[in-house]
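Peer 1: Below: one structure in structure tokens.
Read the figures in this text as sums done on the coordinates, not as results from a lab. Because the structure is a prediction, the values reported are computed rather than measured. All Cβ positions, even for glycine, are placed from backbone atoms using ideal geometry, and neighbour counts span all protein chains on display.
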Amino acid sequence: MTAPFIDFKDVWLAYNEELQAKGQYAVEAIDLKVQQGEFIAIVGPSGCGKSTFMKLATGLNKPSKGSIHIDQQPVTGPLKISGMAFQAPSLLPWRTTLDNVLLPLEIVEPYRSQFKQRRPEFEQRALALLDKVGLGGYGDKFPWQLSGGMQQRASICRALIHEPKMLLLDEPFGALDAFTREELWCILRDLWTEQRFNVILVTHDLRESVFLADTVYVMSKGPGRFMVRREIDLPRPRDLEITYTKEFTDVVHELRGHIGAIRKTSAVPT
């Protein structure tokens, strides 16, 4: 076996020393090994620590205990090899779609120091990405001229423009209607199939997790820990028709059962 791309070893996080002294952790005992190019999804009840886990994976938070290695390097601060997209696209309203997508290249080294010199090349890269997600011809539009789904496509392009090794997605399609959401599942599937970057997807949508991921992890209610690891052995490439099959719905129901059990065991007696 090759060394895992993502390696969490007994990771615990308390948000400050006072909480740690009281033994109050946001996540605890996180052990996780993810291979190069793997797509994982994390699901669980609200408040279980999914977003906290994301901050640990990007180096925005340091663990109180344990160690994290990404791409065989210890995580000691914010990672340059990752891209992120959130539920809110957060496009800058005064910049065109193209300029929003280019933004990471203006900020992240080594691209920042080369940006003026290589701008025509970077623009071509951005336009090619926009074309792949169905936004060809929209590069000169401003965010307010785009629908919510189009803004989220641009946000994903922005997260991928610097060709990261890892893409982190925190409820990226949660605010969209069902049809747009499924369309973006397919766009993400195709981008991942072509480039095979690692993906960590945090979602409340069990169908989304089963359709996209190689492996789904179910977190307990806070303090969050991984209670279930479920490999999704549905064949790839997956198209939307698979979501109507018994094999697919059986996995969704199984995961729903795990989350229901977690909610019951963590419920406070009245």
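Peer 1: Pull up the DSSP beta bridges for segment 6-266 and report the antiparallel fraction as a percent, rounded to 5. Don't skip to the answer; put the middle values down first.
Peer 2: Numbers: 17 of 36 bridges.
Counting only bridges with both partners in segment 6-266, antiparallel ones make up about 45 percent.
Peer 1: Pull out a ≥ b ≥ c, the square roots of the eigenvalues of the alpha-carbon gyration tensor of segment 6-266, then state rounded if a/c is under 1.5, prolate if not and a/b is larger than b/c, and oblate in the remaining case.
Peer 2: oblate
Peer 1: Oh, and also: Using a Gaussian network model on the chain with a 10 Å cutoff between Cα atoms, which of Leu13, Leu167, Leu146 fluctuates the most?
Peer 2: Leu146
Peer 1: Please report the Cα spread of segment 163-228 along all three principal axes, rounded to whole Å, starting with the longest.
Peer 2: 35, 29, 16
Peer 1: Restricting to Cα pairs below 8 Å that are 6+ residues apart, what does the relative contact order work out to for segment 155-270? Please round to a whole percent.
Peer 2: Once divided by the residue count of segment 155-270, the mean separation gives 21 percent.
Peer 1: Another one. First check a/c for segment 140-270, with a ≥ b ≥ c the square roots of the eigenvalues of its C-alpha gyration tensor; if it is under 1.5, answer rounded, and if not, answer prolate when a/b is larger than b/c or oblate otherwise.
Peer 2: Prolate is the answer for segment 140-270, as a/c is 1.5 or above and a/b outweighs b/c.
Peer 1: Measure nothing but the geometry: give the 0 to 90° angle between the long axis through the Cα atoms of 178-195 and the longest principal axis through the Cα atoms of the chain, rounded to 10°.
Peer 2: 80 degrees
Peer 1: Still on this model: Taking the alpha-carbon centroid of each part, what is the distance from segment 1-37 to segment 100-135 in angstrom?
Peer 2: Centre-to-centre distance over Cα atoms comes out at 33 Å.
Peer 1: Right, here's the next one. Using Cα-Cα distances under 8 Å and only pairs 6 or more residues apart, what relative contact order does the chain have, in percent?
Peer 2: With pairs under 8 Å counted, the relative contact order is 25 percent.
Peer 1: Sticking with this structure for a sec: Relative contact order of segment 8-69: what whole-number percent is it, with Cα pairs under 8 angstrom and at least 6 residues apart? Let's see the in-between values first.
Peer 2: Details: 76 pairs, mean separation 29.6, N = 62.
For segment 8-69, the relative contact order is 48 percent.
Peer 1: If you don't mind, another one. Please give the length that would be gained between Gln20 and Arg256 if that part of the chain were fully extended, namely 0.36 nm times their separation in residues minus their C-alpha to C-alpha distance (nm, one decimal). Each step should come with its number before you reach the end.
Peer 2: Values: separation 236, 0.36 × 236 = 84.96 nm, distance 3.17 nm.
Contour length minus the Cα-Cα distance gives 81.8 nm.
Peer 1: Which of the peptides 209-222, 19-32 is most tightly packed, and how do the rest follow, judged by the mean count of other Cβ atoms within 10 Å per residue? Intermediate results must be reported in sequence, preceding the final value.
Peer 2: Working: 209-222: 22.5, 19-32: 16.8.
Taking the mean over residues of other Cβ atoms within 10 Å, the ranking is 209-222, 19-32.
Peer 1: What is the projected area of the convex hull of the Cα atoms of segment 25-176, averaged over all directions, in nm²?
Peer 2: Values: hull surface 40.5 nm².
So the mean shadow area of the Cα hull is 10.1 nm².
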